[in-house]
Structures are given as structure tokens and as C-alpha cells.
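Comments concern the structure below.
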Amino acid sequence: MSNTAPRALTASLLAGAALFTLAPAAMAAPAQAAQDGPAIVDEPDTGDLNDKYTFAPLGVPVFGLIDSVLGVPGRLGLPDLPKLPDF
């Protein structure tokens, strides 16, 4: 227990040093971005996303979900269930 006071003093000195060195940068005003308006971006290219894991008519990729669930027993070392045909 004789190391308690030096440890507390060291911890407080390190915390104070971190506070005084990092606080000015944190409190500095952020630089104003020179923009004329909002950034306009194009739509992403999703032309190749037509597989069973991305086709989601109900909001959930149904065919991918079924295929994944059917593959679980095989990953657990049990006999495989039949697979869905590839599209």
C-alpha cells in the first residue's frame, strides 16, 4: 500500500497533461467547408445484384435465407438437407 500515493500522483499528472494538450484542439472552432450547397452523388451501380442473396421481394432475401437455414445442419456435422436449385 506504500505505492498508492505515487500512483495517484502519477495518474493525476498524466490525466492533467492529456487534458491540457488535447483540450485546445477539441475546443477549436471547426473549419468551415467552402461549399455552394449540398453534395450531389449519383445512385450506386446495382446492376449486378441479382442473385438469391439480394433479391428481396418481401424486404428479406427469402431464397438466400432458406438456403442459409438449410445449410446449418451440414455446418454442425449433421446430414445435409436438400439444397435449393441455383437460379
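What follows draws every value from the coordinates through simple rules; no lab data is involved. All values reported here derive from a predicted model rather than from experimental measurement.
Between the Cα long axis of helix 62-75 and the first principal axis of the chain there is an angle of about 80°, rounded to the nearest 10.
Which one is right for this structure if Rg/Rh (Cα atoms, Kirkwood Rh) is calculated from it: [x] 1.21; [y] 1.00; [z] 1.42? It is the one labelled [z]. Computed over the stretch 41-87, the P(r) curve from all C-alpha pair distances, binned at 5 Å from the origin, holds 5, 19, 21, 18, 15, 10, 6, 4, 2, 1 percent per bin.
How far is helix 4-27 tilted off the main Cα axis of the chain, in degrees rounded to 10, range 0 to 90? Between the helix axis and the principal axis of the chain, the angle is about 70 degrees.
Each helix, a run of at least 4 DSSP H residues, gives -39500 (n - 2.57); summed and divided by the residues of the chain, these come to -15000 deg cm²/dmol at 222 nm.
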